[in-house]
Amino acid sequence: MKAPTLYAPDSTRGITIKQPWAACILHGDKRVENRPRAWAPGWRLLHAGAEIDRAALRDPLVARTIRGLQLPTRAVLGLVRITGSHTDTGEPCSPWAQSECVHLDLGDVHPLALPVPCDGQLGPWRVPLGVYERVLLQLPAHLRALLPEAS
């Protein structure tokens, strides 16, 4: 019989983003994530999905941003805070914004020193407690204090 999975506090969820977009958030100036609908504000563990968006690698903005970087997949790579969401009614809010999408506004971006292997999911997903604890070990005290304590 398999033991039940324990999860991090419900207020800290994961967000899965394909590479190279995750690297552009963590190591570049991509502060807009394009989604079909709005997400609630709050802290998210930024997870790189299993697939790499190969077409995005040919985008000059992406190529400049990720030059020299490794693109780990299937791992939590950092911590971000969704501060709000919006749609553009005229000019795009950012060179990273796609029309016809809801733009999640990202702030407080903190890459981890070491990727934490983890399978993600679509939508805001519950983070296994072991993954959450491995992320907390890599965060400085002032960031750990912002997140709910694992029970």
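Looking only at residues that are assigned to a loop (DSSP other than H, G, I, E, B) and open to solvent by less than 40 Å² (accessible area, probe 1.4 Å) in the stretch 133-148, which one is modelled with the lowest pLDDT? Out of the qualifying residues, it is LEU147.
Could you tell me which of the residues LEU112, LEU45 is closer than 30 Å to ALA145 by Cα, in contact with a Leu (Cβ under 9 Å, 6 or more places away or on another chain) and free of Cβ contacts under 8 Å to residues at least 40 places away in the same chain?
Working: LEU45 fails: free of Cβ contacts under 8 Å to residues at least 40 places away in the same chain.
So the residue among LEU112, LEU45 that is closer than 30 Å to ALA145 by Cα, in contact with a Leu (Cβ under 9 Å, 6 or more places away or on another chain) and free of Cβ contacts under 8 Å to residues at least 40 places away in the same chain is LEU112.
Condition (residue is over 13 Å from the mean Cα position of the chain (by Cα), within 23 Å of ALA38 (Cα to Cα) and open to solvent by 90 Å² or more (accessible area, probe 1.4 Å)) applied to the stretch 123-132: is it met by at least one residue? Explain how you work it out, then say what you get.
First pass over the stretch 123-132, keeping only residues over 13 Å from the mean Cα position of the chain (by Cα): 126, 128-132.
Pick out the ones that are also within 23 Å of ALA38 (Cα to Cα) and you get 126.
So of that shortlist, the ones also open to solvent by 90 Å² or more (accessible area, probe 1.4 Å) come out as 126.
Yes, there is a match, as at least one residue in the stretch 123-132 is over 13 Å from the mean Cα position of the chain (by Cα), within 23 Å of ALA38 (Cα to Cα) and open to solvent by 90 Å² or more (accessible area, probe 1.4 Å).
Only one of GLY78, GLY107 is open to solvent by less than 30 Å² (accessible area, probe 1.4 Å), free of Cβ contacts under 8 Å to residues at least 60 places away in the same chain and within 13 Å of the chain's Cα centre (by Cα); which?
On the way: GLY107 fails: free of Cβ contacts under 8 Å to residues at least 60 places away in the same chain.
Checking each option against the conditions leaves just GLY78.
Evaluating PRO92 against the criteria (1) under 27 Å from ALA63 (Cβ atoms); (2) of a type outside the set (Lys, Arg); (3) part of a loop (DSSP other than H, G, I, E, B); (4) under 18 Å from the mean Cα position of the chain (by Cα) leaves one unmet condition, (4).
Selection of the stretch 110-122 for residues being open to solvent by 30 Å² or more (accessible area, probe 1.4 Å) and hydrophobic (A, V, I, L, M, F, W, C) yields ALA113, LEU114, LEU122. Just one of the listed residues (THR12, THR5) is exposed (fewer than 13 other Cβ atoms within 10 Å of the Cβ), under 22 Å from VAL116 (Cα atoms) and either among the β-branched types (Val, Ile, Thr) or in contact with a helix residue (DSSP H, G or I) (Cβ under 9 Å, 6 or more places away or on another chain) (or both), namely THR5.
The values are calculated or read from the model by the stated rules, or taken from the named source; none is laboratory data. In this text, all values refer to a predicted model and were calculated from it rather than measured experimentally. Here Cβ is always computed from backbone atoms with ideal geometry, including for glycine, and neighbour counts include all displayed protein chains. The accessibility values were calculated without ligands, DNA or RNA, using every heavy atom of the protein model including side chains. Shrake-Rupley method; radii C 1.70, N 1.55, O 1.52, S 1.80 Å.
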